[in-house]
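Participant: Got a structure for you, written out below as structure tokens; questions coming shortly.
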Amino acid sequence: MDEGFNPMSADIIDGKAFAANLKQDVAAQVAILKEKYDLVPGLAVVLVGEDPASHIYVRNKNKSTAAAGMNSFEHRLEPDVSEAELLTLVKNLNEDPAVHGILVQLPLPKHINEAAVIDAISPEKDVDGFHVINSGLLATGGRGMVPCTPLGCIMMLRARLGDMSGLNAVIVGRSNIVGKPMAQLLLNENCTVTMAHSRTRDLADVVRRADIVVAAVGVPELVKGSWIKQGATVIDVGINRIEKPDGKTRLIGDVEYAEAAKHAAAITPVPGGVGPMTIAVLLKNTVTAACRQAGVEEPQV
Ligand code: NAD
């Protein structure tokens with residue numbers, strides 16, 4: 001343990017502040033691209049149906065895109081839109097030179113095949129990084145688009161830990177959008193990576209060995225504070241809405257925060273940790289995509 005390390009109070013990794021800085025950097029990059037190349041990155045967001053949570057996400061994405069000086073194109077489709085109509089819209093966006101990034105808000109209504117829609121997006125415009133080409137590039141060390149949430153987590157880990165070579169990283173959850181890309185990114189950082197999931201035997205024992213814990217499960221406080229190794233870094237991706245006795249809701253993560261903070265050296269809170277980073281990274285990915293499509297160097301700020 002470091003000298004002076006206080007086991008009662010982990011440092012809070014402030015995702016909100018981190019995201020605000022990243023958004024500022026993106027806005028500065030956009031200003032340079034406009035000035036130097038007359039290039040304005042454009043993000044198209046497609047929303048199908050009436051899901052209230054999706055509406056809030058999409059509104060926030062559009063606001064943040066415009067605030068960074070980029071073009072925001074919003075497409076709202078009726079819940080009964082056919083898969084063919086949605087695929088035609090994606091095809092048109094693929095061909096539109098003003099659109100550098102395309103995001104189709106998930107989940108889609110049941111009658112639409114999500115995988116078919118994701119695979120219809122041009123890999124170079126797939127700013128969510130969900131296309132099979134982009135997952136393949138991430139897995140083989142190529143240059144693709146990286147999913148926003150895991151990329152945000154790795155940015156915060158790099159800022160906190162610097163060199164992660166040889167550290168034991170445990171990821172709880174093996175989804176295609178968080179767990180699996182997170183594992184690839186931590187492997188790229190030379191961590192020794194373990195993926196835990198719903199069939200893992202003795203999760204407590206696996207988590208106890210971790211220098212880095214990433215929880216992406218969707219089960220409130222599944223990861224107990226007493227499992228956290230002294231001095232570990234904890235990234236809580238989970239967003240769980242809990243109803244309070246007064247009928248209002250509050251958000252909690254997948255990690256038992258107060259208890260974990262007694263053991264960890266650093267931990268992300270929920271809310272205010274990973275959540276705010278996702279949109280900021282989406283903007284960053286849109287700038288990256290625009291620069292690659294225009295064949296220009298991404299401005300360093
Ligand atoms: P998912 O449902 O696709 O995957 C959950 C994973 O957890 C599965 O791989 C499953 O094997 C594992 N799991 C389930 N029960 C388990 C158990 N008892 N023990 C160990 N593993 C178990 O979820 P997801 O899309 O990866 O999202 C996970 C959480 O992260 C959710 O709370 C989601 O809301 C949140 N999330 C947040 C952001 C963000 O902050 N921007 C983005 C994406 C997801």
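Participant: Do the sum for the chain: with -39,500 (n - 2.57) for every DSSP H run of n ≥ 4, divided by all residues, what is the mean residue ellipticity at 222 nm, to the nearest 500 deg cm²/dmol?
Facilitator: It comes out at -12500 deg cm²/dmol, rounded to the nearest 500.
Participant: Specify the residue with the greatest mean-square fluctuation among Tyr37, Tyr57, Tyr257, computed from a Gaussian network of the chain linking alpha-carbon atoms under 10 Å apart.
Facilitator: Tyr37
Participant: Under 27 Å from the Cα of Lys23, which lysines turn up, not counting those fewer than eight places away in the same chain?
Facilitator: By straight Cα distance, Lys23 reaches Lys34, Lys36, Lys61, Lys63, Lys125, Lys180, Lys284.
Participant: Still on this structure: Leaving out ligands and nucleic acids, note down the accessible area per residue over the chain with a 1.4 angstrom probe, in whole Å².
Facilitator: Numbers: 14490 Å² over 301 residues.
In whole numbers, the chain has 48 Å² accessible per residue.
Participant: Work out from phi, with θ = phi - 60° and the Karplus expression 6.51 cos²θ - 1.76 cosθ + 1.60, the ³J(HN,Hα) of each residue of region 22-38, listed in order in whole Hz, and give x for Gly and Pro.
Facilitator: Karplus-based 3J(HN,Hα) across region 22-38 equals 5, 4, 4, 4, 4, 4, 5, 4, 4, 4, 5, 4, 5, 5, 7, 10, 6 Hz.
Participant: Continuing with the same structure: Go ahead and set up a Gaussian network model of the chain, Cα springs under 10 Å, then flag whichever of Leu185, Leu251, Leu39 fluctuates most.
Facilitator: In this elastic network of the chain, the residue with the biggest mean-square fluctuation among Leu185, Leu251, Leu39 is Leu251.
Participant: Just for the Cα atoms in region 210-301, what are the lengths along the principal axes, largest first, rounded to whole Å?
Facilitator: Largest to smallest, the principal-axis extents are 52, 36, 21 Å.
Participant: Something else now. Calculate the length of the line joining the C-alpha centroid of region 220-279 to that of region 285-299, in whole Å.
Facilitator: 34 Å
Participant: Same structure again: If you take every DSSP beta bridge whose two residues both sit in the chain, what share of them, in percent to the nearest 5, is antiparallel? Walk me through the numbers on the way to the answer.
Facilitator: Numbers: 4 of 34 bridges.
Around 10 percent of the beta bridges assigned by DSSP in the chain are antiparallel ones.
Participant: While we're on this one: Using amide H atoms built in the peptide plane, which far-off residues or other-chain residues are under 5 Å from Ala196 H to H?
Facilitator: Counting only residues 5 or more places away or on other chains, the set is Ile171, Val172, Gly173.
Participant: Moving on. Distance between Cα centroids, region 27-86 to region 168-210: provide it in whole Å.
Facilitator: 32 Å
Participant: Is the shape of region 1-80 best called rounded, prolate or oblate, per the rule: a/c under 1.5 gives rounded, else a/b larger than b/c gives prolate, else oblate, with a ≥ b ≥ c the square roots of the Cα gyration tensor eigenvalues?
Facilitator: Details: a/c = 4.85, a/b = 1.47, b/c = 3.30.
Here region 1-80 falls in the oblate category.
Participant: In whole Hz, what ³J(HN,Hα) sequence does region 162-173 give by Karplus (6.51, -1.76, 1.60; θ = phi - 60°), x for Gly and Pro?
Facilitator: Once θ is set to phi - 60°, the couplings for region 162-173 become x, 6, 9, 3, x, 6, 7, 10, 10, 10, 9, x Hz.
Participant: While we're here: Can you give the relative contact order of region 171-257 as a percent, counting alpha carbon pairs under 8 Å and 6+ residues apart? Don't skip to the answer; put the middle values down first.
Facilitator: Numbers: 151 pairs, mean separation 22.8, N = 87.
Relative contact order for region 171-257 comes out at 26 percent.
Participant: Checking the a/c ratio against 1.5 first, then a/b against b/c, what shape does the Cα gyration tensor give for region 125-196?
Facilitator: Details: a/c = 1.74, a/b = 1.51, b/c = 1.15.
In terms of gyration-tensor shape, prolate.
Participant: Still on this structure, please answer the following. How high is the relative contact order of the chain, given as a whole-number percent (alpha carbon pairs under 8 Å, six or more residues apart)?
Facilitator: Numbers: 596 pairs, mean separation 68.1, N = 301.
RCO, the chain: 23 percent.
Participant: A further question follows. For the chain, what % of the accessible area comes from carbon and sulfur atoms, probe 1.4 Å?
Facilitator: Values: 7460 of 14490 Å².
Of the solvent-accessible surface of the chain, carbon and sulfur hold 52 percent.
Participant: Please say if the chain is rounded, prolate or oblate, where rounded means a/c under 1.5 for a ≥ b ≥ c the square roots of the C-alpha gyration tensor eigenvalues, and otherwise the choice is prolate for a/b larger than b/c and oblate otherwise? Kindly include the intermediate steps, with their values, before the conclusion.
Facilitator: Working: a/c = 1.79, a/b = 1.49, b/c = 1.20.
Because a/c hits 1.5 or more and a/b exceeds b/c, the chain counts as prolate.
Participant: Starting from the 7 Å offset along Cα-to-Cβ, what nm value, one decimal, do you get for the label separation of Val219 and Glu298?
Facilitator: A separation of 3.5 nm, rounded to one decimal place.
Participant: Kindly give Rg over Rh for region 61-210, based on alpha-carbon atoms, with the Kirkwood expression for the hydrodynamic radius.
Facilitator: Values: Rg = 18.0 Å, Rh = 17.4 Å.
Rounded to two decimals, Rg/Rh equals 1.03.
The values are calculated or read from the model by the stated rules, or taken from the named source; none is laboratory data. Just so it is clear, the model here is predicted, and its values are computed rather than measured. Note that each Cβ is placed from the backbone with ideal geometry, even for glycine, and that neighbours are counted across all protein chains shown. Ligands, DNA and RNA are stripped out before the accessible areas are found, and what is left, the full protein with its side chains, is counted by its heavy atoms. Shrake-Rupley method; radii C 1.70, N 1.55, O 1.52, S 1.80 Å.
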